[in-house]
1. Residue by residue through region 229-252, note down the ones that are among the basic types (K, R) and within 12 Å of C219 (Cα to Cα).
2. Report the residue count in region 183-222 for those that are closer than 25 Å to I98 by Cα, in contact (Cβ under 8 Å) with a residue 60 or more places away in the chain, open to solvent by 20 Å² or more (accessible area, probe 1.4 Å) and assigned to a loop (DSSP other than H, G, I, E, B).
3. So F296 fits all but one of (1) open to solvent by 30 Å² or more (accessible area, probe 1.4 Å); (2) of a type outside the set (K, R); (3) part of a loop (DSSP other than H, G, I, E, B); (4) modelled with pLDDT of 95 or more; what number is the exception?
4. K242: part of a helix (DSSP H, G or I) and under 30 Å from L76 (Cα atoms), yes or no?
5. With the checklist (1) farther than 16 Å from V140 by Cβ; (2) of a type in the set (D, E, K, R); (3) at pLDDT 95 or above in hand, flag the one item K57 doesn't pass.
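The values are calculated or read from the model by the stated rules, or taken from the named source; none is laboratory data. As the structure is a computational prediction, the values presented were derived from the model and not from experiment. Backbone-built Cβ (ideal geometry, glycine too); neighbour counts: all protein chains shown. The protein model used for the area step is the full one, side chains on, heavy atoms only, and it has no ligands, DNA or RNA in it. Shrake-Rupley method; radii C 1.70, N 1.55, O 1.52, S 1.80 Å.
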Amino acid sequence: MIKKIEETYKVLDQISHVLLRPQTYVGSNKPHKSVKSIIENDKIVEEEITYIPSFIKIFDEVIINSIDASKRNPKLNKIEVSIDQLNNIISIKDNGGIPVIIHKEYKKYVPEIIFGTLMSGSNYDDSENREGAGLNGLGVKLVNIFSKEFIISTCDGKSQFEQTFSDNMRKRTKAKIKTSNKNYTNISYTPDLEKFGLNSINEEHFKIIQKRVYDIAACNTSIKVYFNNKLINIKSFEDYVKMYTTNYFYESKKDQSWAIGIALSNNGFNQISFVNSTDTYDGGTHVDYILNQIIFQLRDFFQKKHKVDIKPSEIKSHITLFLNATIV
């Protein structure tokens, strides 16, 4: 049967395109099984888990938003994450605050632009050096699109802004503004679980999000990070390395822009690395940059000390590398 022209060629609005092609924006929404690191008795252990990558990605967009805000606002030094599994609600609160003013050009309050207008953001000035992860103006709006309900509450020390979005960002209430001297931003969202093939925020996804919050705490030790009302007691990236192993070598720059841990691996090369708080689980040039220097030094040591030439690949296969880097 030949399709009509109208059936063959479609024009979608942006929200519909995001929902129809999630892999383009937030990754796969199909179940993925792999061995993941999780938190168990304040240690990091490995467990085979089945999870939805896109579901984890949208959480990451919200918490990275708070980390990026902390780079612009040094007073932002507290982040609280909570997961209400009974009602399937995830909340991320920081003690920063977004200017509650009307944007003169767009005639909307700034928080509504940031969270409810696609292709908006503060990272479009490419003449500025920045250490944040956000770049494309989608970010946290994708969380709004993949939510049944998305609630913004923020206060800039003078005014408080509250607004609720629903129906995958297609509906929104009128913003409520009132006077307040507090400073905070709280995002609370109820993910549209059906879009991820889920019935609830199950234990597998709870564990992965919990581990991600610990990652954030390890990469940002100047910020007090709480998970379900419990302070994560990580005072340095070295404390994070200790959660994996007690036998390691550690070095860091005074400004903490680079922190490196090295441990023995008995099952091939492993790396746990972050750039600007983003989990670089596939590695990258930053990992190669450090790893190649380590291998060169070890190879030179064995040649001079023991008169043995060991192949770089053989040295690499016995290394676990921990790396936290801040890169402009």
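1. K235
2. Residues in region 183-222 being closer than 25 Å to I98 by Cα, in contact (Cβ under 8 Å) with a residue 60 or more places away in the chain, open to solvent by 20 Å² or more (accessible area, probe 1.4 Å) and assigned to a loop (DSSP other than H, G, I, E, B): 1 in total.
3. (3)
4. It is true that K242 is part of a helix (DSSP H, G or I) and under 30 Å from L76 (Cα atoms).
5. (1)
Rundown of residues vs (1) among the small types (G, A, S); (2) at positive phi; (3) buried (at least 18 other Cβ atoms within 10 Å of the Cβ); (4) touching a residue at least 24 places away in the same chain (Cβ under 8 Å), yes/no style:
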{"site": "V241", "(1), (2), (3), (4)": "no, no, yes, yes"}
{"site": "K253", "(1), (2), (3), (4)": "no, no, no, no"}
{"site": "I262", "(1), (2), (3), (4)": "no, no, yes, yes"}
{"site": "F269", "(1), (2), (3), (4)": "no, no, no, yes"}
{"site": "D279", "(1), (2), (3), (4)": "no, no, no, yes"}
{"site": "L291", "(1), (2), (3), (4)": "no, no, yes, yes"}
{"site": "N324", "(1), (2), (3), (4)": "no, no, yes, yes"}
{"site": "V328", "(1), (2), (3), (4)": "no, no, no, yes"}
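The rows are residues; the columns are (1) in contact (Cβ under 8 Å) with a residue 60 or more places away in the chain; (2) of a type outside the set (A, V, I, L, M); (3) in a strand (DSSP E or B); (4) under 22 Å from N270 (Cα atoms).
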{"site": "G27", "(1), (2), (3), (4)": "no, yes, no, no"}
{"site": "K33", "(1), (2), (3), (4)": "no, yes, yes, yes"}
{"site": "I38", "(1), (2), (3), (4)": "yes, no, yes, yes"}
{"site": "E48", "(1), (2), (3), (4)": "no, yes, yes, yes"}
{"site": "F55", "(1), (2), (3), (4)": "yes, yes, no, no"}
{"site": "K71", "(1), (2), (3), (4)": "yes, yes, no, no"}
{"site": "P74", "(1), (2), (3), (4)": "no, yes, no, no"}
{"site": "S82", "(1), (2), (3), (4)": "yes, yes, yes, no"}
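Each row is one residue, and each column tells you yes or no for (1) modelled with pLDDT under 90; (2) small (G, A, S); (3) open to solvent by 20 Å² or more (accessible area, probe 1.4 Å); (4) assigned to a helix (DSSP H, G or I).
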site	(1), (2), (3), (4)
F115	no, no, no, yes
S120	yes, yes, no, no
Y124	yes, no, yes, no
E128	yes, no, yes, no
N136	yes, no, yes, no
I151	no, no, yes, no
T154	no, no, no, no
K178	no, no, yes, no
